[in-house]
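**Q** Structure incoming, see below.
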Amino acid sequence: MTDRDGQHGSPRRALARDAALALVVVAGLACVGLLSRRLDAARPAENPFASYEEMYVTPEAARRLSLAFNGLAADWYWLRSLQYLGRKSAAFEGPYALDDLGPLGVRNLGPLLGQVTALDPQFMAAYEFGAVVLPAIDDAQAVSFMERGIRENPQTWRLYQYLGYIHWQAGRYQEASETYRAGSRLAGAPNWMGAMAAQVQLYGGSRDTARQLYRRMLDEADDEQIKSLALKRLLQLQSLDERDAIRRVLRDSQARSSRCPASWREAAPALRAARLKTDASGAPLDPTGLPYVLDPAACDVALDKRSEIPKK
């Protein structure tokens, strides 16, 4: 009996042991799978901009490491800066302006431009671009960036123009005026730098001052994006003047008839008398050729949603 049990019991015990081991293995694999899924779910999403937002070396270190190839390295960082901005722009859903990139979250654009100018302190395109895009991201960083450029290039009047623009945009009209005046004293500076110093000091926040600044930007800028921005801002200023004139027409009409015009056709003669361009229906046209929108309930005027004129 014992021999028979021994002969048959040993295989049974082996089978039971193997089955238990298989269950342990299966349970272990299941736990590993569940843990893996839990870790994957908790892992932060990969940041596609991580490589741009990681400064591997300081600007000064990059300058030393690049040895005699500073210009080539500066070009590489300049292209990297534009690529960073382009990818952020492509990933952003919604409108934005070149001089208001805050919504894009381009927090590392300043350091990238700093790398460019550390490697090549005379890289004027980076200073010009930074003067327009950095103030809305970090005003203090923009001022520091341009002041560093002036220290490296104390006889370059354009850098004073860029710094003056940054101060003007922030409403620091006295600092803007002083900066334009300092730049106007440099050899080769155009006469309008001195005139701009006086204009900013006397009429800092006026539309006429803004119009002069953007006209200079349009005339002097080398970057096509900045020229496009300046042109859009000039069209915006023209539209603001036109909308003020239209509102005067609407108020006069309302005062005479105790109601707002129900359509542009009713106000067309007065609009033309105010030297506003109108279409066949009598609607006044914005600088891009689209009709303004009449709001009879508020007795007000607005831009058409399709208009490319900046809304703010």
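The values are calculated or read from the model by the stated rules, or taken from the named source; none is laboratory data. What you see is a predicted model, and the numbers here were worked out from it, not measured in a lab. Every residue, glycine among them, receives a Cβ derived from its backbone with ideal geometry; neighbour counts consider all protein chains shown.
**Q** Would you point out the residue of the range 296-312, among those that are touching a Phe, Trp or Tyr at 6+ places or on another chain (Cβ under 8 Å) and part of a loop (DSSP other than H, G, I, E, B), that is farthest from GLN254 (Cα to Cα)? Steps first, please.
**A** Step one: list which residues in the range 296-312 are touching a Phe, Trp or Tyr at 6+ places or on another chain (Cβ under 8 Å), which gives 301-304.
Restricting the remaining residues to those that are part of a loop (DSSP other than H, G, I, E, B) gives 303-304.
Values: LEU303: 21, ASP304: 23 Å.
Step by step, filter the range 296-312, then rank; the result is ASP304.
**Q** Name the pairs whose Cβ atoms lie under 6 Å apart, with the first residue in the range 85-108 and outside any loop (DSSP other than H, G, I, E, B), the second of a type in the set (D, E, K, R), and 6 or more positions between them or separate chains?
**A** Listed pairs, sorted by first residue: LEU104/LYS88.
**Q** Here's something else I'd like to know. Scan the range 220-236 and tell me whether some residue there is farther than 22 Å from PHE129 by Cβ and not small (Gly, Ala, Ser). Lay out the reasoning, then the answer.
**A** Our first condition is that a residue be farther than 22 Å from PHE129 by Cβ; within the range 220-236, this holds for none.
Checked the range 220-236: no residue is farther than 22 Å from PHE129 by Cβ and not small (Gly, Ala, Ser).
**Q** Any idea which residue in the range 109-158 is farthest from TYR77 (Cα to Cα), counting only those that are β-branched (Val, Ile, Thr) and in a loop (DSSP other than H, G, I, E, B)? Let's see the steps before the verdict.
**A** First, the residues of the range 109-158 that are β-branched (Val, Ile, Thr): 116-117, 132-133, 137, 143, 150, 156.
Retained after the next criterion (residues that are in a loop (DSSP other than H, G, I, E, B)): 137, 156.
On the way: ILE137: 19, THR156: 23 Å.
Ranking the qualifying residues of the range 109-158, first place goes to THR156.
**Q** On the given criteria, is LEU231 part of a helix (DSSP H, G or I), touching a Ser or Thr at 6+ places or on another chain (Cβ under 8 Å) and touching a residue at least 12 places away in the same chain (Cβ under 8 Å)?
**A** Details: part of a helix (DSSP H, G or I): yes; touching a Ser or Thr at 6+ places or on another chain (Cβ under 8 Å): no; touching a residue at least 12 places away in the same chain (Cβ under 8 Å): yes.
In short, no.
**Q** Only one residue in ARG265, ARG275 is part of a helix (DSSP H, G or I) and over 30 Å from PHE123 (Cα atoms). Which one? Reasoning before the result, please.
**A** On the way: ARG275 fails: part of a helix (DSSP H, G or I).
The unique qualifying residue is ARG265.
**Q** Scan the range 256-272 for residues that are within 40 Å of the chain's Cα centre (by Cα) and exposed (fewer than 12 other Cβ atoms within 10 Å of the Cβ) and jot them down.
**A** Across the range 256-272, the qualifying residue is only ALA262.
Table: residues versus (1) loosely packed, with under 14 Cβ neighbours inside 10 Å; (2) assigned by TED's automatic domain parsing to the domain that holds GLN161; (3) farther than 30 Å from ARG172 by Cα.
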residue: LEU202; (1), (2), (3): yes, yes, no
residue: ARG215; (1), (2), (3): no, yes, no
residue: GLU220; (1), (2), (3): no, yes, no
residue: THR278; (1), (2), (3): no, no, yes
residue: SER281; (1), (2), (3): yes, no, yes
residue: GLY289; (1), (2), (3): yes, no, yes
residue: PRO310; (1), (2), (3): no, no, no
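**Q** When the residues of the range 145-189 are filtered to those that are under 17 Å from GLU220 (Cβ atoms) and aromatic (Phe, Trp, Tyr), which remaining residue is surrounded by the most Cβ atoms within 10 Å (Cβ to Cβ)?
**A** Only one residue tops the list, namely TYR180.
**Q** So ALA245 clears everything in (1) within 22 Å of the chain's Cα centre (by Cα); (2) among the small types (Gly, Ala, Ser); (3) assigned by TED's automatic domain parsing to the domain that holds LEU271 except one condition, right? Which one?
**A** Among (1) within 22 Å of the chain's Cα centre (by Cα); (2) among the small types (Gly, Ala, Ser); (3) assigned by TED's automatic domain parsing to the domain that holds LEU271, ALA245 violates only (1).
**Q** GLN174 - would you say it is within 23 Å of GLY204 (Cα to Cα) and either in a loop (DSSP other than H, G, I, E, B) or not hydroxyl-bearing (Ser, Thr, Tyr) (or both)?
**A** Numbers: within 23 Å of GLY204 (Cα to Cα): yes; either in a loop (DSSP other than H, G, I, E, B) or not hydroxyl-bearing (Ser, Thr, Tyr) (or both): yes.
Criteria met by GLN174.
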